[in-house]
Amino acid sequence: MKARFIVSPVLCIGCRTCELACAFAHAIDGKLGKSRIYPIDGGFKELWVPVTCLQCEEAACVKSCLVNALQRNPETGAVELNQEKCVKCMACVAACPFGCSLLDEQHELVVKCDLCGGDPACARFCPTKALEYKPIKGSPKKIAV
Amino acid sequence: MIRITINGKVTQASEGETLLKVIRREGIDIPALCHHEAVEPYGACRLCMVEITKEEWNGWSKYVTSCLYPVEPGLIVKTHSTKVIEMRKTIVDLYLARHPNCAEIQQLADEYGVTKTSYQTVVDGDNCILCGICTRICDEMGFHAISMVGRGHGKVVAPPLDEAPANCTGCLACAQNCPTHFIEFEDKGNSRTIWGKKFEMITCEKCGKTTITKEFADYLAEHRELPREYFNICDECHRRSTALDMGRIASWSKEVK
């Protein structure tokens, strides 16, 4: 893991560019994919929280999958869903306590954030740097809040 | 790494991979109805048949189901040779006789130019092609709720003794992955019926949306060490509460600023 995805809700203005970027980045055959990121009202005035998968170390989705379709990509650190292995039982969708495993109704697929394979589109397009994909410097164990 | 030739193009494959996997990775489209990556290959539908040969075979070739055949050094594979197409046509022809009303089979028949079956049509047949994806996925997930019952003409997929299966948790994986959409189920209100068994669905505590069955959630909580509370609300309400939790934390740093 060389980089880390960082969400800073304080910087988010709720413009939903990330949502759009995600849907475009995950389009299939020219049809938009379901966004894996949602800026949601954080309960305070003008505070938005971009809610997306934070690739938990001990992930509920991975635990819930009975066919091992969810596996961590050691290069990006993202928990990736192997679409070919997925049996669409909805276990991960129901199990994720952050609601970041989703059903893409249009494509009839279960989807989750895969960090775009190492170059997240949401972070690339975020105008306020509320979403960043930063190289890890120094000790990789230190976790930024 | 193993070097093989597919339709004249040399390609690399790793040991233990099956031909079908390599063929599909090369972007070549060959039909396969009984194949699912979640389970072991089975070789039931016979549609992924390809022609293989090697230089040292002196012009001899054989026909194998690519889903089961592991790659070997020096294999020369033809996925669309005249003979292979002919064989696939015959298989589709047989399927069309057995399942004349199946949309997926009709589509395959269209693709392979089989307009009419040359065999006697089964009049009141069902759309189950006995590919075993449902039973194999059920086994793989650890439920063993359904299996193949009977032999020959009488072979069907059914729960034990044709009764509501005790092990079924109503996860719907069998129905979702059936290549011919034959397995029936009904989601009505907060109940789900499949294989003659009725399940109560979890309704989100906040918005009332139904998610998975209670039995499936209980199974996951028990066997996968997941807190049962995780399943009480739907994914959307989970996201909302995540936003509120993170918002609260973020608001502290705002005050600090």
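The values are calculated or read from the model by the stated rules, or taken from the named source; none is laboratory data. Computed from a predicted model, the values in this text were never measured in an experiment. Positions of Cβ are generated from backbone atoms using ideal geometry, with glycine treated the same way; all protein chains shown enter the neighbour counts. Protein only, heavy atoms only, side chains kept; ligands, DNA and RNA dropped before computing areas. Shrake-Rupley method; radii C 1.70, N 1.55, O 1.52, S 1.80 Å.
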In the range B:1-33, the residues that are charged (D, E, K, R) and touching a residue at least 24 places away in the same chain (Cβ under 8 Å):
B:Arg3, B:Glu15, B:Glu17
Please give the number of the condition B:Ala164 fails out of (1) open to solvent by 50 Å² or more (accessible area, probe 1.4 Å); (2) in a helix (DSSP H, G or I).
(2)
Only one of A:Val110, A:Val93 that is under 16 Å from B:Ile212 (Cα atoms), within 14 Å of the chain's Cα centre (by Cα) and free of Cβ contacts under 8 Å to residues at least 24 places away in the same chain
A:Val93
Odd one out for B:Thr203 among (1) hydroxyl-bearing (Ser, Thr, Tyr); (2) at the interface with chain A (Cβ under 8 Å from one of its Cβ atoms); (3) open to solvent by 30 Å² or more (accessible area, probe 1.4 Å); (4) more than 25 Å from the chain's Cα centre (by Cα)
(2)
Matching residues, the range B:121-131, being within 12 Å of the chain's Cα centre (by Cα) and surrounded by fewer than 19 Cβ atoms within 10 Å (Cβ to Cβ)
none
Does A:Ala78 satisfy being within 18 Å of A:His26 (Cβ to Cβ), crowded, with 18+ Cβ neighbours inside 10 Å and not acidic (Asp, Glu)?
yes
Scan the range A:47-98 for residues that are more than 7 Å from every other protein chain (Cβ to nearest Cβ) and assigned to a helix (DSSP H, G or I) and report the count.
3
Against the conditions (1) exposed (fewer than 15 other Cβ atoms within 10 Å of the Cβ); (2) in a strand (DSSP E or B); (3) within 11 Å of chain B (Cβ to nearest Cβ), where does A:Lys134 fall short? Just the number, please.
(3)
Could you tell me which residue of the range B:206-234 is nearest to the other protein chains (Cβ to nearest Cβ), considering only residues that are surrounded by 17 or more Cβ atoms within 10 Å (Cβ to Cβ) and touching a residue at least 40 places away in the same chain (Cβ under 8 Å)?
B:Ile212
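What tally of residues in the range B:84-120 results from selecting those that are hydroxyl-bearing (Ser, Thr, Tyr) and either open to solvent by less than 20 Å² (accessible area, probe 1.4 Å) or in contact with a Leu (Cβ under 8 Å, 6 or more places away or on another chain) (or both)?
Result for the range B:84-120: 3.
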On the given criteria, is B:Ile52 open to solvent by 40 Å² or more (accessible area, probe 1.4 Å) and either more than 20 Å from B:Phe182 (Cβ to Cβ) or outside the structural domain of B:Ile6 (by TED's automatic domain parsing) (or both)?
no
Out of B:Gly189, B:Gly150, B:Gly154, sole residue that is surrounded by fewer than 18 Cβ atoms within 10 Å (Cβ to Cβ) and over 28 Å from B:Glu40 (Cβ atoms)
B:Gly189
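Scan the range A:102-114 and tell me whether some residue there is at the interface with another protein chain (Cβ under 7 Å from one of its Cβ atoms) and either at pLDDT 90 or above or part of a loop (DSSP other than H, G, I, E, B) (or both). Give the derivation first.
Keep residues of the range A:102-114 that are at the interface with another protein chain (Cβ under 7 Å from one of its Cβ atoms), which gives A:102.
Remaining after also requiring either at pLDDT 90 or above or part of a loop (DSSP other than H, G, I, E, B) (or both): A:102.
Within the range A:102-114 (the criterion being at the interface with another protein chain (Cβ under 7 Å from one of its Cβ atoms) and either at pLDDT 90 or above or part of a loop (DSSP other than H, G, I, E, B) (or both)), the answer is yes, since at least one residue qualifies.
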Would you mention how many residues in the range A:19-48 are open to solvent by less than 50 Å² (accessible area, probe 1.4 Å) and acidic (Asp, Glu)?
1
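Report yes if B:His80 is touching a residue at least 40 places away in the same chain (Cβ under 8 Å) and over 20 Å from B:Lys21 (Cβ atoms), otherwise no. Let's see the steps before the verdict.
Values: touching a residue at least 40 places away in the same chain (Cβ under 8 Å): yes; over 20 Å from B:Lys21 (Cβ atoms): no.
It is false that B:His80 is touching a residue at least 40 places away in the same chain (Cβ under 8 Å) and over 20 Å from B:Lys21 (Cβ atoms).
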Take the range B:140-193 and flag every residue that is within 25 Å of A:Leu109 (Cβ to Cβ) and acidic (Asp, Glu).
B:Glu140, B:Glu184, B:Glu186, B:Asp187
Considering only residues of the range A:5-18 that are surrounded by fewer than 20 Cβ atoms within 10 Å (Cβ to Cβ), within 14 Å of another protein chain (Cβ to nearest Cβ) and not β-branched (Val, Ile, Thr), which is nearest to A:Gln55 (Cα to Cα)?
A:Ser8
Among what's in the range B:111-138 and is charged (D, E, K, R) and modelled with pLDDT under 95, pick the residue that is farthest from B:Glu222 (Cα to Cα).
B:Lys116
